[in-house]
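Engineer: Below you will find the structure I want to go over with you.
The values are calculated or read from the model by the stated rules, or taken from the named source; none is laboratory data. Given the structure is predicted, the values throughout are model-derived calculations rather than measurements. Because the Cβ atoms are built from the backbone with ideal geometry, glycine has one as well, and the counts that use them run over all protein chains shown. Accessible surface areas use protein heavy atoms only, side chains included; no ligands, DNA or RNA. Shrake-Rupley method; radii C 1.70, N 1.55, O 1.52, S 1.80 Å.
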Amino acid sequence: MEQLELYVPRREDLWFRQRMMADPDTMGYNANWDVSYDGYHRDTGCIDFPEGQWASWLEDWTDQAPERFYAYIRRSTDGAYLGEVNFHHNPEHDWYDMGIVLYAPYRGMGYGVPALKLLLEEAFSVWNVNRLHNDFEVSRNEVAAWKTHLSAGFRDVGIIDGFRQMMITREDYLSGMVSTKRGKIKS
């Protein structure tokens with residue numbers, strides 16, 4: 001497997017996030033939600049991300065750890081951007097919600113588990129996060145996401161209101177040392 005790294009994007013790199021968010025194959029998991037905000041396309045799940053929003057979005061999501069962390073998944077050999085990962089504190093539950101999105105052309109190529117392990121290492125070894133949580137709607141085909149999370153060390157903690165709940169604690173991570181041979185975070 002090729003070496004991956006996390007890369008905190010600069011403003012000029014946000015073209016990739018714009019491309020991912022405009023790609024129906026990548027964003028299909030996000031379709032048909034009952035949300036109403038500017039730029040959300042219910043039929044495809046795509047979200048507009050115009051260049052005029054890049055600076056403020058970057059300010060909100062980068063250099064905010066441990067409260068909030070965002071990075072691209074990047075292939076070390078050629079610098080190709082493969083997707084994105086993030087986590088943010090959820091004070092209501094005293095955990096960190098996380099996300100991972102692989103750009104559709106790179107799905108099914110074995111990048112999901114290594115990318116998720118990089119995020120775990122960042123969260124637990126660098127920022128001392130207490131626990132990471134993710135959930136996905138059971139009514140959509142969530143088998144790949146479920147298997148990816150289990151392979152990275154998450155526990156399936158059940159289904160609540162139609163959403164499969166996945167969790168990993170810092171203690172679970174450290175006891176299993178889900179290692180990735182961490183490289184430096186590039187920025």
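Engineer: I'd like the full set of residues that are without any contact (Cβ under 8 Å) to a residue 60 or more places away in the chain and either assigned to a loop (DSSP other than H, G, I, E, B) or more than 15 Å from W57 (Cα to Cα) (or both), limited to segment 1-18.
Structural biologist: The one that is without any contact (Cβ under 8 Å) to a residue 60 or more places away in the chain and either assigned to a loop (DSSP other than H, G, I, E, B) or more than 15 Å from W57 (Cα to Cα) (or both): L14.
Engineer: May I pose another question? Quick check: is even one residue across segment 83-104 in a helix (DSSP H, G or I), modelled with pLDDT of 95 or more, open to solvent by less than 20 Å² (accessible area, probe 1.4 Å) and of a type in the set (A, V, I, L, M)?
Structural biologist: no
Engineer: Out of the residues in segment 52-77 that are within 20 Å of K117 (Cα to Cα) and without any contact (Cβ under 8 Å) to a residue 24 or more places away in the chain, state the one that is most open to solvent (accessible area, probe 1.4 Å).
Structural biologist: Of everything passing the filter in segment 52-77, E67 is most open to solvent (accessible area, probe 1.4 Å).
Engineer: Turning to a different aspect of this structure: Determine the pairs where a residue that is over 9 Å from R131 (Cα atoms) and touching a residue at least 12 places away in the same chain (Cβ under 8 Å), located within segment 90-103, has a partner that is open to solvent by less than 40 Å² (accessible area, probe 1.4 Å) and charged (D, E, K, R) with Cβ atoms under 9 Å apart, the partner being 6 or more residues away or on another chain.
Structural biologist: N90/D97; G99/E84; I100/E84; V101/E84; L102/E84; Y103/D23; Y103/E84
Engineer: Restricting to segment 149-166, name every residue that is within 18 Å of Y111 (Cβ to Cβ) and open to solvent by 40 Å² or more (accessible area, probe 1.4 Å).
Structural biologist: L150, S151
Engineer: Still on this structure, I have one more. Looking at F49, F124 in this structure, which one is part of a loop (DSSP other than H, G, I, E, B) and touching a Leu at 6+ places or on another chain (Cβ under 8 Å)?
Structural biologist: The match here is F49.
Engineer: Tally up the residues in segment 10-33 that are surrounded by fewer than 16 Cβ atoms within 10 Å (Cβ to Cβ) and among the acidic types (D, E), please.
Structural biologist: Within segment 10-33, residues that are surrounded by fewer than 16 Cβ atoms within 10 Å (Cβ to Cβ) and among the acidic types (D, E) number 2.
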